[in-house]
Amino acid sequence: MDEVMKEIISPSGIYKVQIIKRSKDGLFTSKTFMWFDHDKEISEVLGEDGYWGALYSTTSISDSVDRCMTIAVEQLFVASGEKISCNY
């Protein structure tokens, strides 16, 4: 099972990126998500406000979390257009 090592959320809280360690080879990749709100009626039926929908996954594979973080922060900036500052 792949393991989420780190997660960075954009300042607006609408976008996030996850750093994922792949179980099959121990390498790292990232996945970018966007928050989608449910309609009011659907929220009441499901009992949740919305969900994180995947926008895209990277095809780049890294051998370290730090290298993958650099790519992930860039992806988050591209998706959100927001300045991303994180200490990693």
Output the residues belonging to the range 54-81 that are at pLDDT 85 or above, of a type outside the set (A, V, I, L, M, F, W, C) and under 15 Å from residue 7 (Cβ atoms). 75, 80
Please name all residue pairs, on different chains or six or more residues apart, with Cβ atoms under 6 Å, provided the first residue is in the range 72-88 and is acidic (Asp, Glu) and the second residue is modelled with pLDDT of 90 or more and open to solvent by less than 40 Å² (accessible area, probe 1.4 Å). 82/10
Within the range 1-16, take every residue that is hydroxyl-bearing (Ser, Thr, Tyr) and outside any strand (DSSP E or B) and give me the one that is most open to solvent (accessible area, probe 1.4 Å). 12
Condition test on residue 66, is it free of Cβ contacts under 8 Å to residues at least 24 places away in the same chain, among the acidic types (Asp, Glu) and touching a Phe, Trp or Tyr at 6+ places or on another chain (Cβ under 7 Å)? yes
What pairs come out if I take residues in the range 26-39 that are more than 10 Å from residue 56 (Cβ to Cβ) and of a type in the set (Asp, Glu) and pair them with residues that are in a strand (DSSP E or B) and at pLDDT below 95 whose C-beta lies under 6 Å away, six or more apart or interchain? 37/50
Out of the range 17-76, which residues are surrounded by fewer than 16 Cβ atoms within 10 Å (Cβ to Cβ), over 11 Å from the mean Cα position of the chain (by Cα) and part of a strand (DSSP E or B)? 36, 37, 50, 51
Taking the range 1-52 and keeping only residues that are touching a Ser or Thr at 6+ places or on another chain (Cβ under 9 Å) and acidic (Asp, Glu), one is left with 2, 3, 37, 49
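The values are calculated or read from the model by the stated rules, or taken from the named source; none is laboratory data. A quick note: this is a predicted structure, and the numbers were derived from the prediction, not measured. A quick note on method: Cβ atoms are made from the backbone with ideal geometry, for glycine too, and the neighbour counts reach across all protein chains shown. Please note that ligands, DNA and RNA were not included when accessible areas were found on the heavy atoms of the full protein model with its side chains. Shrake-Rupley method; radii C 1.70, N 1.55, O 1.52, S 1.80 Å.
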